[in-house]
1. What number goes with the only condition from (1) loosely packed, with under 13 Cβ neighbours inside 10 Å; (2) modelled with pLDDT of 95 or more that residue 52 does not pass?
2. Checking residue 55 against (1) over 17 Å from residue 107 (Cβ atoms); (2) touching a residue at least 24 places away in the same chain (Cβ under 8 Å); (3) part of a loop (DSSP other than H, G, I, E, B), which single condition isn't satisfied?
3. So residue 68 fits all but one of (1) out of contact with any strand residue (DSSP E or B) (no Cβ under 6 Å at 6 or more places or on another chain); (2) in contact (Cβ under 8 Å) with a residue 12 or more places away in the chain; (3) within 24 Å of residue 105 (Cβ to Cβ); (4) surrounded by fewer than 15 Cβ atoms within 10 Å (Cβ to Cβ); what number is the exception?
4. Checking residue 45 against (1) over 13 Å from the mean Cα position of the chain (by Cα); (2) surrounded by 11 or more Cβ atoms within 10 Å (Cβ to Cβ); (3) assigned to a helix (DSSP H, G or I), which single condition isn't satisfied?
5. Restricting attention to segment 89-123, report how many residues are loosely packed, with under 15 Cβ neighbours inside 10 Å and assigned to a loop (DSSP other than H, G, I, E, B).
6. What tally of residues in segment 1-33 results from selecting those that are without any contact (Cβ under 8 Å) to a residue 12 or more places away in the chain and over 21 Å from residue 92 (Cβ atoms)?
7. Scan segment 74-99 residue by residue and report those that are touching a strand residue (DSSP E or B) at 6+ places or on another chain (Cβ under 8 Å) and either under 28 Å from residue 59 (Cα atoms) or modelled with pLDDT under 95 (or both).
């Protein structure tokens, strides 16, 4: 096995989420986080180089912690600024900023209903 393959062996490599409205989801993440998407046909889009590469597939489902979905947590050096961007882009805050051991975070849902969180260790 090459060194490159060993480096990714048993590591989280890719995450996929459902999205009922791919266009609104892409617009939201581009506006808030600057993510650039590549479309692979009409029902799939993906982005790279943002930690773990991810994709969205068209489906009338959403991932939330309430329904047992995994929580994807993003990092921000400016938590309040990121929260404001989420709100301005049409995201819905499901948990306002709160403290936890090691930092602060908030939870939000994007236009297709997927719940994510943003955390920071900067006060």
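The values are calculated or read from the model by the stated rules, or taken from the named source; none is laboratory data. Because the structure is predicted, anything quoted here is derived from the model rather than measured. For neighbour counting, all protein chains shown are included, and Cβ atoms are generated from backbone atoms with ideal geometry for every residue, glycine included.
1. (2)
2. Tallying (1) over 17 Å from residue 107 (Cβ atoms); (2) touching a residue at least 24 places away in the same chain (Cβ under 8 Å); (3) part of a loop (DSSP other than H, G, I, E, B), residue 55 fails exactly one: (3).
3. (2)
4. That leaves (3) as the condition not met.
5. Of the residues in that region, 6 qualify.
6. Number of matching residues: 11.
7. 74, 75, 82, 83, 86, 87, 91, 92, 93, 94, 95, 96
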